[in-house]
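Contents: one structure, followed by commentary.
The values are calculated or read from the model by the stated rules, or taken from the named source; none is laboratory data. Because the structure is predicted, anything quoted here is derived from the model rather than measured. For neighbour counting, all protein chains shown are included, and Cβ atoms are generated from backbone atoms with ideal geometry for every residue, glycine included. Side chains included, ligands, DNA and RNA excluded: accessible areas come from the protein's heavy atoms. Shrake-Rupley method; radii C 1.70, N 1.55, O 1.52, S 1.80 Å.
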Amino acid sequence: MTGDKNLPVFKGRREDARLVTGQGCYTADRNLPGQLHAFFLRSDRAHAEIVSIDTQAALAVPGVVAVFTGADTARAGFKVAPPLVKFPGRGGAALKVPHRDVLANQRVRFVGQEVAMAVAESALAAQDGAEAIAVEYRDLPPVVDEEAALAPGAPQLHHDIPGNLCFDFEYGDEAKTEQAFARAAHVTRLTLESNRMVGNPMEPKACLAAHDPASGTYDFYSSTQGISLMLAGLTGVTGIPAEKIRVHAQDVGGAFGIRSDAYVEYCAAVLAAKTLGRPVKWVSSRSETFVSDYHGRAARLTGELALDRDGRFLGIRFHWIVNSGAYLSQPGPIINTMTTTAHVANAYRIPALYGRHRLALTNTTPTSAYRGAGRPNVSYLVERLVEKAARETGIDRIELRRRNLIPREAFPYQTPVAAFVYDSGDPPGLLERAVKHAQWSTFQARRAEAARRGKLRGIGCAIFIEPSGGGASPREQAAIQFDASGNARIYALAGPSGQGHETVFPEIVAEVLGMDARRISLRASDPHGPQLAGEGTISSRSMISHGGAMVFAAREVIRKGLALAAAELKAGAQDVVFERGRYRVRGRGASIGIAELAARYAGASPHPLDALGEIQLARTFPGGAHVAEVEIDPETGVIRVERYVAVDDCGRVLNHVLLEGQLHGGIVQGLGQVLGEHCIYDRASGQLLTGSFMDYYMPRASVLREAQLYDHPVPSPNNPLGAKGGGEAGTTGAVPAVSNAVLDALQPLGIDLLDLPYTPARIWHAISAARQRK
């Protein structure tokens with residue numbers, strides 16, 4: 001990684017040649033004979049009763065075959081996929097899950113909700129048909145703000161969820177935390193907005209559904225982070241048995257957490273395919289991405305930090321109000337509750353902790369996991385609290401962190417939440433390397449030089465520990481099978497969406513087997529492959545869970561090959577050892593490579609070396625220390641990120657090139673949240689005001705001119721590779737690091753609190769107001 005010496009030379013990723021030359025196969029590239037096309041009519045208002053729907057004009061449009069409405073999906077008996085939250089909330093109360101019709105029935109609850117679906121011989125005819133549908137509405141008052149939704153007298157979204165509160169969740173020890181605050185010498189308090197964001201993957205949602213009436217089976221093509229995730233959603237909504245659905249996905253143009261659910265459009269397409277007896281294809285537009293893809297973040301975060309006279313942390317307290325949208329995504333409730341409790345103490349020794357998170361329903365698009373899946377919220381709130389506490393107490397920002405970080409020798413570390421233990425780490429080592437490489441000690445000279453040019457310069461630090469791995473399935477499986485030429489194929493439930501799985505997974509198996517990685521290929525989420533237990537690509541778990549299962553599968557291949565090799569070498573199995581890809585007879589020169597052995601038995605079905613590997617649920621806790629340095633033009637409010645240093649503990653690194661790509665992408669997405677991304681609804685009408693790239697900021701390559709990335713690995717004992725996740729680290733570190741840097745630049749003007757995003761207009765107005773006050 002940049003800044004580290006003596007790194008090996010890496011070859012390019014296998015998938016790159018196919019993807020960058022336009023030879024990828026995305027869902028929109030899929031076609032089946034006789035297919036029809038779908039288009040959805042969406043609600044143009046945030047909250048209204050549906051008085052009537054007239055489809056006669058739509059059915060008269062040339063090429064239109066059928067129109068489906070909420071009455072059709074209601075008759076089909078479609079349900080809501082079961083939520084991932086199985087645990088109770090405050091006082092033992094369960095999560096309240098609002099019913100969502102696949103197509104709106106009787107009422108719409110957010111702009112963009114699916115009201116009807118036209119199916120036609122062409123995509124354009126389907127669009128013409130949908131636009132000819134006449135809907136009469138009776139408007140109802142909307143509520144788009146999470147706190148306003150919980151206030152007395154707020155418009156009610158669902159009659160069976162009073163007060164719009166679908167979950168009230170608490171964790172930690174309230175009484176112990178109260179005692180810690182009572183004896184504190186200083187308490188820092190802060191409320192922050194975690195701005196709502198649109199995921200905007202390169203590839204918009206799309207699907208292709210086909211039904212075989214003879215067998216009762218379905219073939220379903222879509223972009224997904226793993227077939228197990230998509231399959232669970234489809235079966236949960238439609239009631240179709242899992243064994244009757246084959247999910248297909250090859251290339252996925254970005255996922256970021258919002259490609260794990262079975263969206264209602266997918267379920268409508270499945271119904272249409274069965275009803276009409278022909279495949280049905282749907283490809284959404286970018287406008288539909290903005291209004292109907294699940295959004296991310298959208299929470300009001302309040303935190304309090306208690307310190308003693310020496311600046312030691314005594315306790316921390318949280319109160320979140322989360323905007324869940326009009327309905328619940330499957331992952332949404334869990335990432336804003338249990339996922340965050342895994343690391344709310346961040347990288348610090350904090351003996352007492354308590355939190356309460358309330359999930360509110362509003363007339364907005366539902367929210368879900370988005371890169372970081374709750375982790376950036378935790379890191380942002382805690383690191384802003386620490387930064388503010390340092391300024392209030394007069395203790396140096398780095399020194400305050402040093403006094404409170406968990407030392408390396410304290411790992412494995414029991415967090416204040418009993419269910420979670422940090423497996424390994426070295427937060428002090430991360431911090432020291434970060435401030436060294438960022439040249440923190442000489443920053444004041446750079447600030448003075450910027451001031452002479454009329455600029456404001458700031459530096460900010462963020463340190464974090466986050467969870468990775470885990471999942472709802474208690475185990476992860478992977479299979480290795482050998483083909484007729486003796487080459488190996490890996491089968492796993494991974495859902496690649498840019499991580500480089502096709503490159504790194506064969507490298508892992510090749511390392512164990514001692515084979516040439518070019519003779520090993522990945523079959524990710526192959527519906528025709530062996531049936532496997534596990535989950536897809538979520539929560540930075542691929543290397544830990546999928547990679548770990550592959551290691552066990554490769555070891556099983558070696559075990560199975562022992563007897564075969566002994567027979568080939570005319571020796572007893574007890575005399576044969578396996579070393580660096582070859583079986584050798586002790587004391588003799590005779591040997592045979594595992595690739596040769598596989599080729600000897602090529603054509604056998606099943607191949608005698610075929611193996612299944614399994615790993616139990618594994619969770620690890622990677623960490624990092626990031627430092628950002630920014631410069632602000634006070635005349636325009638424009639922020640430039642001048643330096644960015646990241647020191648990360650991702651455990652054992654299997655492929656630096658791929659990890660560096662993950663970190664770069666995550667950092668830029670974090671910069672997007674800090675510098676401009678903001679999904680805004682009009683409070684009066686509930687209309688989405690940022691529904692296109694004309695209104696919604698997206699970070700460009702120029703926002704991060706250079707990132708210096710360094711390894712500080714502490715291998716995890718929780719998986720055979722010693723790996724920890726790296727997919728979320730860039731975002732988790734960037735949001736607080738850059739926020740702290742911007743506020744450090746503004747601090748001389750007396751500005752110590754500003755809501756994200758830090759757009760030029762917001763920065764300019766803050767500076768102008770500060771100058772007027774002075």
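Would region 265-272 turn up any residue that is of a type in the set (G, A, S) and in a loop (DSSP other than H, G, I, E, B)? Quick ask: steps written out before the conclusion?
Narrowing region 265-272 to residues of a type in the set (G, A, S): 268-269, 272.
Add one more test, that the residue is in a loop (DSSP other than H, G, I, E, B), and what stays is none.
No, region 265-272 has no match at all.
Conditions (1) closer than 16 Å to H712 by Cβ; (2) open to solvent by 20 Å² or more (accessible area, probe 1.4 Å), marked per residue:
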{"position": "V382", "(1), (2)": "no, no"}
{"position": "E387", "(1), (2)": "no, no"}
{"position": "T393", "(1), (2)": "no, yes"}
{"position": "D396", "(1), (2)": "no, yes"}
{"position": "L431", "(1), (2)": "yes, no"}
{"position": "H437", "(1), (2)": "yes, yes"}
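Would you confirm, using the coordinates I've provided, whether P720 is in a loop (DSSP other than H, G, I, E, B) and touching a helix residue (DSSP H, G or I) at 6+ places or on another chain (Cβ under 8 Å)? It is true that P720 is in a loop (DSSP other than H, G, I, E, B) and touching a helix residue (DSSP H, G or I) at 6+ places or on another chain (Cβ under 8 Å). Within region 97-155, the residues that satisfy the criterion of being among the β-branched types (V, I, T) and touching a strand residue (DSSP E or B) at 6+ places or on another chain (Cβ under 6 Å) are V108, V111, V115, V119, I133, V135, V144. For region 400-442, the set of residues classified as within 26 Å of D310 (Cα to Cα), in contact with a helix residue (DSSP H, G or I) (Cβ under 9 Å, 6 or more places away or on another chain) and among the hydrophobic types (A, V, I, L, M, F, W, C) consists of L400, L405, I406, V417, L431, A434, V435, W440, listed by residue number.
The C-beta contact set for region 146-167 (first residue open to solvent by less than 50 Å² (accessible area, probe 1.4 Å) and in a loop (DSSP other than H, G, I, E, B), second residue at pLDDT 95 or above and among the β-branched types (V, I, T), distance under 6 angstrom, 6+ apart or interchain) comprises A154/V143; P155/V143.
With the condition kept exactly as written, say whether any residue in region 529-541 is polar (S, T, N, Q), within 23 Å of the chain's Cα centre (by Cα) and open to solvent by 30 Å² or more (accessible area, probe 1.4 Å). Checked against the condition, which is being polar (S, T, N, Q), within 23 Å of the chain's Cα centre (by Cα) and open to solvent by 30 Å² or more (accessible area, probe 1.4 Å), region 529-541 yields at least one hit.
For (1) assigned to a loop (DSSP other than H, G, I, E, B); (2) out of contact with any His (no Cβ under 8 Å at 6 or more places or on another chain); (3) open to solvent by 40 Å² or more (accessible area, probe 1.4 Å), each residue gets a yes or a no:
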residue: F78; (1), (2), (3): yes, yes, no
residue: P88; (1), (2), (3): yes, yes, yes
residue: A94; (1), (2), (3): yes, yes, yes
residue: N105; (1), (2), (3): yes, yes, yes
residue: M117; (1), (2), (3): no, yes, no
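Whenever a residue of region 716-738 is in contact (Cβ under 8 Å) with a residue 60 or more places away in the chain, its partners that are open to solvent by 10 Å² or more (accessible area, probe 1.4 Å) and not in a loop (DSSP other than H, G, I, E, B), lying with C-beta atoms within less than 6 angstrom and at least six residues away or across chains, give the pairs A723/M543; G726/L659; G726/Q662; G727/Q662; T731/Q669.
Suppose we keep only residues that are under 40 Å from the mean Cα position of the chain (by Cα) and open to solvent by 70 Å² or more (accessible area, probe 1.4 Å) within region 561-608. Which one would you say is modelled with the lowest pLDDT? Checked region 561-608; the qualifying residue modelled with the lowest pLDDT is S605.
A quick yes/no check of all residues on (1) crowded, with 24+ Cβ neighbours inside 10 Å; (2) closer than 30 Å to A94 by Cα; (3) of a type in the set (F, W, Y):
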| site | (1), (2), (3) |
| --- | --- |
| A175 | no, yes, no |
| T191 | no, yes, no |
| N195 | no, yes, no |
| A209 | yes, no, no |
| D212 | no, no, no |
| S222 | yes, no, no |
| L229 | yes, yes, no |
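If you take the residues of region 216-257 that are among the polar types (S, T, N, Q) and part of a loop (DSSP other than H, G, I, E, B), which of them is farthest from the chain's Cα centre (by Cα)? Top of the filtered list is Q250.
Could you look through region 45-60, keep only residues that are assigned to a loop (DSSP other than H, G, I, E, B) and within 35 Å of the chain's Cα centre (by Cα), and pick out the one that is surrounded by the fewest Cβ atoms within 10 Å (Cβ to Cβ)? The extreme case among them is R45.
Restricting the search to region 15-44, which residues are open to solvent by 60 Å² or more (accessible area, probe 1.4 Å) and part of a loop (DSSP other than H, G, I, E, B)?
The answer is T21, G22, Q23, N31, P33, D44.
Mind listing whichever residues of region 609-638 are at pLDDT 95 or above and assigned to a loop (DSSP other than H, G, I, E, B)? The answer is L609, D610, F621, P622, D633, P634, E635, T636, G637, V638.
When region 179-189 is filtered for residues that are open to solvent by 10 Å² or more (accessible area, probe 1.4 Å) and in contact (Cβ under 8 Å) with a residue 40 or more places away in the chain, the ones remaining, listed by number, are Q179, F181, R183, A184, A185, H186, V187, R189. Taking region 258-282 as the range and being under 13 Å from A126 (Cβ atoms) and either within 31 Å of the chain's Cα centre (by Cα) or free of Cβ contacts under 8 Å to residues at least 40 places away in the same chain (or both) as the test, the residues that pass are E265, A268, A269, A272, V280, K281, W282.
Against the test of being outside any loop (DSSP other than H, G, I, E, B) and surrounded by fewer than 22 Cβ atoms within 10 Å (Cβ to Cβ), the options R309, R356, R317 yield a single qualifying residue, R356. Close Cβ contacts (under 7 Å, 6 or more residues apart or on different chains) running from residues in region 685-696 that are of a type in the set (V, I, T) to residues that are open to solvent by 40 Å² or more (accessible area, probe 1.4 Å) comprise T690/H678; T690/I680.
Test A81 against the criterion of being over 25 Å from the mean Cα position of the chain (by Cα) and small (G, A, S), and give yes or no. So A81 does not fit the description; no. I want to confirm something. Restricting to region 119-140 and keeping residues that are closer than 22 Å to L208 by Cα and surrounded by fewer than 19 Cβ atoms within 10 Å (Cβ to Cβ), which single residue is nearest to the chain's Cα centre (by Cα)? For region 119-140, the residue satisfying everything is A123. For region 271-289, a tally of residues being buried (at least 24 other Cβ atoms within 10 Å of the Cβ) and touching a Leu at 6+ places or on another chain (Cβ under 7 Å) returns 2. Annotation note: Cβ proximity below 6 Å between a residue of region 635-654 that is under 30 Å from L456 (Cα atoms) and open to solvent by 40 Å² or more (accessible area, probe 1.4 Å) and a residue that is in a strand (DSSP E or B) and not β-branched (V, I, T) (sequence gap 6+ or interchain) occurs for R640/E631; E642/E629; E642/E631; R643/E629. Scanning region 464-509 for residues that are open to solvent by 20 Å² or more (accessible area, probe 1.4 Å) and among the charged types (D, E, K, R) turns up R475, D483, R489, E502, E507. Can you pull out every residue in region 672-730 that is surrounded by fewer than 13 Cβ atoms within 10 Å (Cβ to Cβ), small (G, A, S) and modelled with pLDDT of 95 or more? Selection gives A684, S692. Filtering Y380, Y327, Y370, Y413 for residues that are hydroxyl-bearing (S, T, Y) and farther than 16 Å from A298 by Cα leaves a single hit, Y413.
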